[in-house]
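The values are calculated or read from the model by the stated rules, or taken from the named source; none is laboratory data. The structure displayed is predicted, hence computed values, not measured ones. Using ideal geometry, Cβ is built from the backbone for each residue, glycine included, and neighbour counts are taken over all protein chains shown. Note: areas computed on protein heavy atoms with side chains; ligands, DNA, RNA excluded. Shrake-Rupley method; radii C 1.70, N 1.55, O 1.52, S 1.80 Å.
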Amino acid sequence: MAAEEATHRPPTAHRPPTAHRPPATSRPDVSVVVPVYDTLRYLRSCLDSVLRQTIGPDRMEIVAVDDGSTDGSGRLLDRYAAKHPGTVRVVHQANSGGPAAPCNRGLDLATGRYVFFLGSDDRLGPEALERLVAAADRYGSDVVLGRAVGVNGRHVFSDVFAGGNAVDVSLFDSALPWSLANTKLFRRDLVDRLGLRFPEDMPVLSDQPFTLAACYHARRISVLADYDYYHAVRRLDARNITYHSRIEQRLVSVERLFAYVADLIPAGERRDAVLRRHVALELANLVGDDFRHLDRAAQERVHATVGRLVRRHVTDGLRDGLGIEARLRLGAVTAGGVDDLLAVIEQDSGRGVPATLFAGGRWHAGYPGAPARWTDVTDVRADWLARLDAVDVSWADGHTLTVTTRSPYPRFATEAGPVRMLAGPVVGATRMDAGDPAGRTLRTDFALDRLLAAGGQRHPVRAEVDGGHGRGGAAVRAPRLAAGRPRLLRHGARLYGVAATVDPRNGQLVLSVVPVTVRQLVGRLRRRGSAAAPTPGRGPAGVQVSGGGAEALLGRHGHLEVRGAAQVQPGPLRRADQPHHHPGAGRAAPDQARGVRVDV
């Protein structure tokens, strides 16, 4: 989104407007600030989405700050400014290394009563600004958050929108702390009164202090969930910036973020309500599965930083509100050294949920060599029972994706109670596997039409139980599944790639639904196809894609049929440690995942 990352100034430090800020003789209602760096492929769509706003050009302005782009984005901005001289303003500057500096520069130049930050690879719904400004004026809101949706499989935290429109939302008893990106409408008077700017000494996460300060001091925060206001686009051409290459930046930024929250909000339940997000997400992610791939020196630094922040900021109440996996990982950090943490991660990522150990009437997570003082899960037994491993993902038919999960707990069937499996917001149909007399295996059918109806999304899979030990929930991990290639399906006029994948950061099973364009499909077919000439033809639905010796036909039921060099063939979503089993080569082992692979 607009400002995930930034540069060098405390967010509450006053910075007077620059000399270039024009006099506000005819003040627009809203200024849209767009920091731009090398997003040429998406920039035109972004700018057009603002220029087509129903609020009209007389009531808005676009302030675009080119942060040293090298791909022609700056030239495109200049063309838009020349074509829309009263609406689009462009400034160019040397690259600053992140969106904070261009956001600050755009804020200095903005003249509107409200300001909205828009990522240059994202876009707005046509009525977004008109609806947001009207709500802010009607309710006297200082901050208005419109519903954001993910595009191309981008994940967006959406719990804050689950309750519908809300005139007055509290920062401390809602899901708002999980939606602290700066892609909101801010009243300019509030920003000026507080002297808010993006902290340029935080290499990443700098939009969170800005947004948090605005929400903390706002007279009113409103949430609008009745329209798709913000379309957050996952860039398909983005460079892969790894956890390893940015770990030092992230450590610095996380420490400063925690210090900022502690300075802003007095200790107590309200601070814990905000920090719970930062502990469960930013802090726990530092000791996710990717921790294994750091060099030893970096592991030691991460371990020391996380341990220090847990001891300083994580109260008993905050800890008790964390998910089971975050509790166990952060407990491992505070109770042992790097090797103890690595043993826990290796168990989770390579072998699956450990056995439950019993001692003195207490339940313990059976991690090898782990100190008992942090493995005690007695008080969160429901969450512990909800920890399941995905052992199989398969296509039951053309309309259903079946996920098979298993618990190591011997009395799971009698103590867990009813089990509900969710892929994002989609609830599956769950049943006990009749082939497992122990009652520890579940099969869950997810209807593809419901997954496809959500558009391009990543749907993390989660288990929830409700039995004698209470209600609990946990992410479903897939420690021994290697994801297969996606199956291409049609929903309406669009093609989507549907696949079961594993999040490399935390090992969670994810059902991904990603839009696929004809251009992408043709390119992939050509790359994978042979030199043989394609067979001409047309599918029953009248859609044909061909190239490089392979032909793709879209059948009546929306399934992609591929002929020639690229073939649709049954094949396993394999365990990572097992060889591939070709069809007809004999039955796979019971734990081996089966699926359908589309080789395109």
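At-a-glance table
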quantity: Test: residue in the stretch 477-489 that is touching a residue at least 24 places away in the same chain (Cβ under 8 Å), surrounded by fewer than 19 Cβ atoms within 10 Å (Cβ to Cβ) and part of a strand (DSSP E or B); calculated: no
quantity: Verdict on Ala370 being assigned to a loop (DSSP other than H, G, I, E, B) and loosely packed, with under 15 Cβ neighbours inside 10 Å; calculated: no
quantity: One residue from Pro99, Pro85 being in contact with a strand residue (DSSP E or B) (Cβ under 7 Å, 6 or more places away or on another chain) and open to solvent by 20 Å² or more (accessible area, probe 1.4 Å); calculated: Pro99
quantity: Members of the stretch 110-134 that are among the aliphatic types (A, V, I, L, M), buried (at least 21 other Cβ atoms within 10 Å of the Cβ) and over 30 Å from Ala423 (Cβ atoms); calculated: Ala110, Val115, Leu129, Leu132, Val133
quantity: Selected residue [in contact with a Lys or Arg (Cβ under 6 Å, 6 or more places away or on another chain), assigned to a loop (DSSP other than H, G, I, E, B) and of a type in the set (Val, Ile, Thr)] from Val353, Val391; calculated: Val353
quantity: Unmet requirement for Asp121, which otherwise passes all of (1) modelled with pLDDT of 95 or more; (2) farther than 18 Å from Ala225 by Cα; (3) not basic (Lys, Arg); calculated: (1)
quantity: Flag for Val302 being part of a helix (DSSP H, G or I), among the β-branched types (Val, Ile, Thr), closer than 30 Å to Thr211 by Cα and open to solvent by less than 10 Å² (accessible area, probe 1.4 Å); calculated: yes
quantity: Residue count, the stretch 285-299 (criterion: exposed (fewer than 14 other Cβ atoms within 10 Å of the Cβ) and among the aromatic types (Phe, Trp, Tyr)); calculated: 0
quantity: Test result for Thr405, surrounded by fewer than 21 Cβ atoms within 10 Å (Cβ to Cβ) and modelled with pLDDT of 90 or more; calculated: no
quantity: Subset of the stretch 307-336 [of a type in the set (Gly, Ala, Ser) and either touching a Leu at 6+ places or on another chain (Cβ under 9 Å) or open to solvent by less than 30 Å² (accessible area, probe 1.4 Å) (or both)]; calculated: Gly307, Ala326, Gly331, Ala332, Ala335, Gly336
quantity: Given (1) open to solvent by less than 20 Å² (accessible area, probe 1.4 Å); (2) touching a Pro at 6+ places or on another chain (Cβ under 9 Å); (3) over 13 Å from Ala64 (Cα atoms), index of the condition Val151 fails; calculated: (1)
quantity: Count - residues of the stretch 134-163 that are of a type in the set (Asp, Glu) and without any contact (Cβ under 8 Å) to a residue 24 or more places away in the chain; calculated: 2
quantity: Boolean, Glu269 is in contact with a helix residue (DSSP H, G or I) (Cβ under 8 Å, 6 or more places away or on another chain) and farther than 22 Å from Leu185 by Cα; calculated: yes
